[in-house]
1. Would you mind calculating the relative contact order of the chain from Cα pairs under 8 angstrom and at least 6 residues apart, reporting the percent as a whole number?
2. Just how large is the dipole of the chain about the Cα centre, in debye to the nearest 20, putting +1 at every Lys and Arg Cβ and -1 at every Asp and Glu Cβ?
3. In terms of the Cα gyration tensor, with a ≥ b ≥ c the square roots of its eigenvalues, is the chain rounded because a/c is under 1.5, prolate because a/b exceeds b/c, or oblate?
4. Only Cα pairs within less than 10 Å get springs; with that Gaussian network setup on the chain, which residue of 174, 82, 113 has the largest fluctuation?
5. Residues with amide H under 5 Å of residue 204's amide H, sequence separation 5 or more or different chain, H placed in the peptide plane at 1.01 Å from N; which?
6. Suppose every K and R has +1 on its Cβ and every D and E has -1 on its Cβ; what is the size of the dipole of the range 138-217 about the Cα centre, in Debye to the nearest 20?
7. Which value, in Å², gives the accessible area per residue of the range 150-232 when a 1.4 Å probe is used on the protein heavy atoms?
8. Take the alpha carbon gyration tensor of the range 133-232, find the square roots of its eigenvalues, order them as a ≥ b ≥ c, and report rounded if a/c is under 1.5; if not, report prolate when a/b exceeds b/c, else oblate.
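The values are calculated or read from the model by the stated rules, or taken from the named source; none is laboratory data. Predicted model only: the values in this text are computed from it and were never measured. All Cβ positions, even for glycine, are placed from backbone atoms using ideal geometry, and neighbour counts span all protein chains on display. Just the protein is used for accessible areas: all its heavy atoms, side chains included, with ligands, DNA and RNA removed. Shrake-Rupley method; radii C 1.70, N 1.55, O 1.52, S 1.80 Å.
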Amino acid sequence: MWLAQREGLASICKVITPDLRGFGGSRLGDDEPSIDVMADDVARLLDEEGVDRAVVGGQSMGGYVTMALCRRHPDRVLGVVLADTKATADPEAARANRERIAAAVLDRGPSVLVEEVLPGLVGSTTRQRRAMVFGRIRGLVQAAPPGAAAWAQRAMASRPDSFETLRGLKAPALVIVGEEDELSPLSDAEAMVEAVPDGRLTVIEKAGHLSAIEQPEAFNRAVTEFLKERVL
């Protein structure tokens, strides 16, 4: 997912891209579904890498993990990047839908994610004009282990509201949103920027919910400017 960022940002910083629990090479384990558990995993990874403080960022679910890390390990945070995510908790209807998807993916496999989740992940420009990018995203969705996907859905459903965490943030924050993002639209991004004491907003044109993959050059440019002006 973060290949373009590992390559594009390598000249200005060390880029660490965790496999969130159950995805990639990480084990799912026996813990109850929780965004906090994922955040603690990231803090342990920083320990293993010998990194005391870092600019921590995430997209979509990764944004929830980032806000949980800010809440649970504020001393580790040098800066924050929140991309195509939101600080509100899920309303009841959204929680119920996540449970439905979790049960379905365990029963029927990743095809459920392709049918129900994939359409909302990309913007209209990517669907219409970037067949290779859309194909790559489809491949990532299809490769999701059912157990990890269900666990993640339930973890997201149980996450708390994070606006208090953002209001108490001591580090600078960059909020990024794709202009075609319908899952976490501009209004959610603006609310997060208003909440943090030191924040800036970047809107990525012709990108949807996965702006880092859909428009990697623009995404990397925004992160580079943020690092040079606010962190480095």
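1. 24 percent
2. In debye, rounded to 20, the chain gives about 420.
3. rounded
4. Highest fluctuation among the options: 113.
5. Excluding prolines and chain starts, which carry no amide H, the hits are 177, 178, 179.
6. Approximately 460 debye in magnitude.
7. 44 Å²
8. oblate
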